[in-house]
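Data first, discussion second: the structure below is written as structure tokens.
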Amino acid sequence: MHLQRISIPGGFQMNKTYPVVTRRDFVRGTVATVLSSGIADKLHARGSARPTRSSTVILVRDEKAFATGTKVDASVLKQMLAELLMRATGQKSERTAWLSLVQLSDVIGVVPTPHLNATHKELIDAVKASLVNAGIPAPQIRNAQGGPDQPRACNSLIALPALKAHWLTGIGTVLKNYITFSGSPSSYHDADNAKLGEIWKMPHVQGKTRLVLVDALRPLCDKGPQPDPRYLWNYSGLIAGTDPVAVEAVCLKIITEKRKALRGEPWPLSPPPLCVSMADEKYGLGTSRLSEIKIERVGWMQDVLV
Amino acid sequence: MQFRYGQSLGTLRYTYASSLVFLVASLFGFGFSLDAPETKSGKAGLVGEQHLLELPSTPQLIKNMSDLPESDFKVNLPSKVGDWDRDDHPLVVTDKSIFDYMDGAGELYLGYRFCRLDVYTYKAKDQDEIVTELYWMGSSDDAFGLLSQDWGGEPQSLTSDSLKKRPSTIDEFPHALYGAGLLRIWSRNLYARVMATQENIPSRDAVLAIGKAIAAGRTASSPPKLLSALPTSVRLWTQRSNRLCFFRSHLVLNSFYFLSTENLLDLAPQVEAVSTVFDLASDKDRRPAVRLLLARYSGPEEAQRALAHFMKIYLPEKGKGLAQSSPKNSDLFQIEDGWLGYQRTDRYLMLVFECPDHTTATSFIDAFTENLHSGRVSDE
């Protein structure tokens, strides 16, 4: 077992301790236990028990989200966003929805994905405009993607990743979206992707995420590592929830089903997305079990995949 | 514009790079000519005749990383293709700046023997950009490995001697594949990606014209010689060559067949490895395929060490102590997902996974051994 201390700007330190996971652990179904416990004799490990959780994830789709080809229709997107916010919060208006999540005095960091299948600018703009309409002063809304100083400067964070597979982490959507907040992104590549949930528990990040809102307008279902347009498709959706792991689990299901549909046979993500079950089993950030997630589907249902 | 990586980054720009290149080239006696030879490529009227630029990609800086001749680091790109005009200066990405350009995707190229990347952007008034990436690699095998990441797409014939067929034998792998606006090319030690952000008929024509310009004057090369050690069929099992991948890094291996979070097979730039799957020719039940991994190390001791490492982590219950540090040269085990077999011969290590029974695993080992002893396998 490796053990290494890594210093993060700001004084936070994390233990780099990871046991080796092999293919056999997946076949046996003992990955979560192996990763969570780090015990040496993992051959005899069994699935861990944890209290039952429940989460709700909202999926809104509109087949008219794209005006032509890959050009987003901003007016349709605005309606989708309003619907999503009201459903996610149970509020009756977009304004009250935001105000149930954030305070008027908050400095709000919007955290989009800048690389690979980047978050659509139209969605970033729509979220910012919606916040302003809710009464948040524009100067208090900032793009918070970047190093640890970005979340430190914010009271509230809106995670705004785009749905995509990733060649080093299996899936690279919700949990990976905060990788730069660690101050040491490369420490979470390869086998260390299992520890991505750790970033969400760092003092300058923990408890600040008010909403996870995934751009599923045009997801990328193969890992890349660079974009291949054959694996992009117009799903025309937005996905949201307050449980980052549940949202990630729904995203993972969509990607997995799309890959299966493309090949006509199972086409598992490789490497497997260790970070999702770890975020649940070890870091307790939410539930990764679809049986514990209520998915509320709104709008276009063709090829919904989940 | 969907793909924003690489834009406005602090990566070395051509203007600075070229100064360094010219300085180094002057010191080593290289000269650069901007008077490029005529191109034979491109659809009539699509490629502009003017100012074909011979890219100064061959300075000693990268030539030192390869034994290849200077001519293998040259390509001619048109300055105009259809409605698109090429930027005069490429973005130059080195192993030091590759993560700035493409984030963690850089691990893929560093997993092969990467020398340098030149990125050219073609712009048109009413069309989205076409990005041309030229990855200069240390050998043809490395460029082949990058194309072998995905054999999907429509095979393209970019030169008269390139093959357009889908692979059926090791000599018939395509050199270029196109799909949805992206053209990927293996041309000797060059791997290229030419991508139109928005695919339409003009952009497709332009992408293919750029591809032909890249391939023009560059002779085709053969797939890695290591592939000749693979059996094409074993009893009723047939190799699916569209799942074959050549690699040197465990990150690349894990991206198509997850074995372990640790580098169990001691893969490294000096190691050659190939993986492929075999399935039953007429299997209506679509039973899981058999996965074969083959690695060639720098020597028998390295191969033996890799085998011992694999045994210790992957099969910890199959013997302790001496049995793990000095495993037998050949063995078979039944584990959770079927029969696993391996054969270590000289500096070769072959492993076969997910065999349905003992007999099948034995047959794969026998077929590999027979191939090695038949003299068909080059040990270069």
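Mind checking whether some residue in the stretch A:86-109 is within 14 Å of chain B (Cβ to nearest Cβ), without any contact (Cβ under 8 Å) to a residue 24 or more places away in the chain and assigned to a helix (DSSP H, G or I)?
No - not one qualifying residue is present in the stretch A:86-109.
Determine, yes or no, whether A:Asp303 is at pLDDT 95 or above and either on the phi > 0 side of the Ramachandran plot or not hydroxyl-bearing (Ser, Thr, Tyr) (or both).
Against the criterion (at pLDDT 95 or above and either on the phi > 0 side of the Ramachandran plot or not hydroxyl-bearing (Ser, Thr, Tyr) (or both)), A:Asp303 qualifies.
Pick out the one residue from B:Tyr122, B:Tyr191 that is at pLDDT 95 or above and in contact with a Lys or Arg (Cβ under 6 Å, 6 or more places away or on another chain).
B:Tyr122
In this structure, does A:Trp200 turn out to be buried (at least 22 other Cβ atoms within 10 Å of the Cβ), in contact with a Pro (Cβ under 8 Å, 6 or more places away or on another chain) and within 11 Å of chain B (Cβ to nearest Cβ)?
The answer is no for A:Trp200.
Is the stretch A:188-204 home to any residue that is more than 29 Å from B:Glu262 (Cα to Cα) and not hydrophobic (A, V, I, L, M, F, W, C)? If you could, list the steps in order and put the result at the bottom.
Step one: list which residues in the stretch A:188-204 are more than 29 Å from B:Glu262 (Cα to Cα), which gives A:203-204.
Applying the additional criterion that residues be not hydrophobic (A, V, I, L, M, F, W, C) yields A:203-204.
Yes, the stretch A:188-204 contains at least one residue that is more than 29 Å from B:Glu262 (Cα to Cα) and not hydrophobic (A, V, I, L, M, F, W, C).
Just to be sure, is B:Glu133 under 30 Å from B:Arg240 (Cβ atoms), touching a Gly at 6+ places or on another chain (Cβ under 7 Å) and within 13 Å of another protein chain (Cβ to nearest Cβ)?
No.
Within the stretch A:207-218, is there a residue that is under 21 Å from B:Met102 (Cα atoms), within 13 Å of another protein chain (Cβ to nearest Cβ) and crowded, with 24+ Cβ neighbours inside 10 Å?
Yes, there is a match, as at least one residue in the stretch A:207-218 is under 21 Å from B:Met102 (Cα atoms), within 13 Å of another protein chain (Cβ to nearest Cβ) and crowded, with 24+ Cβ neighbours inside 10 Å.
Of the numbered conditions (1) touching a Leu at 6+ places or on another chain (Cβ under 9 Å); (2) closer than 24 Å to A:Thr287 by Cβ; (3) among the hydrophobic types (A, V, I, L, M, F, W, C), A:Leu77 satisfies every one except a single condition; which is it?
Result: A:Leu77 fails condition (2) only.
Looking at the stretch A:254-264, is at least one residue touching a residue at least 24 places away in the same chain (Cβ under 8 Å), of a type in the set (A, V, I, L, M) and not in a helix (DSSP H, G or I)?
No, that holds for no residue.
Can we say A:Lys121 is out of contact with any helix residue (DSSP H, G or I) (no Cβ under 9 Å at 6 or more places or on another chain) and within 14 Å of another protein chain (Cβ to nearest Cβ)?
yes
Given the criteria modelled with pLDDT of 95 or more and charged (D, E, K, R), does B:Glu301 qualify? Quick ask: steps written out before the conclusion?
On the way: modelled with pLDDT of 95 or more: yes; charged (D, E, K, R): yes.
Against the criterion (modelled with pLDDT of 95 or more and charged (D, E, K, R)), B:Glu301 qualifies.
Can you pull out the residues in the stretch A:152-170 that are touching a Ser or Thr at 6+ places or on another chain (Cβ under 9 Å) and of a type outside the set (Gly, Ala, Ser)?
Listed by number, the residues that qualify are A:Asn155, A:Leu157, A:Ile158, A:Leu160, A:Pro161, A:Leu163, A:Lys164, A:His166, A:Trp167, A:Leu168.
Any residue in the stretch B:226-247 that is in contact (Cβ under 8 Å) with a residue 12 or more places away in the chain sitting within a Cβ distance under 6 Å of a residue that is among the charged types (D, E, K, R) and outside any strand (DSSP E or B)? List the pairs, counting only those 6 or more apart or interchain.
Filtered contacts from the stretch B:226-247: B:Ser228/B:Arg376.
I'd like to check something: does the stretch A:195-202 contain any residue that is assigned to a helix (DSSP H, G or I), under 13 Å from the mean Cα position of the chain (by Cα) and of a type outside the set (A, V, I, L, M, F, W, C)? Talk me through it step by step, then tell me what you get.
Quick first cut of the stretch A:195-202, residues assigned to a helix (DSSP H, G or I) only: A:195-199.
From what's left, under 13 Å from the mean Cα position of the chain (by Cα): A:196-197, A:199.
Those still in the list that are of a type outside the set (A, V, I, L, M, F, W, C) too: A:197.
Yes, there is a match, as at least one residue in the stretch A:195-202 is assigned to a helix (DSSP H, G or I), under 13 Å from the mean Cα position of the chain (by Cα) and of a type outside the set (A, V, I, L, M, F, W, C).
So A:Ala191 fits all but one of (1) part of a loop (DSSP other than H, G, I, E, B); (2) at the interface with another protein chain (Cβ under 9 Å from one of its Cβ atoms); what number is the exception?
Every condition holds for A:Ala191 apart from (1).
The values are calculated or read from the model by the stated rules, or taken from the named source; none is laboratory data. What you see is a predicted model; the values in this text were computed from it and never measured. Backbone-built Cβ (ideal geometry, glycine too); neighbour counts: all protein chains shown.
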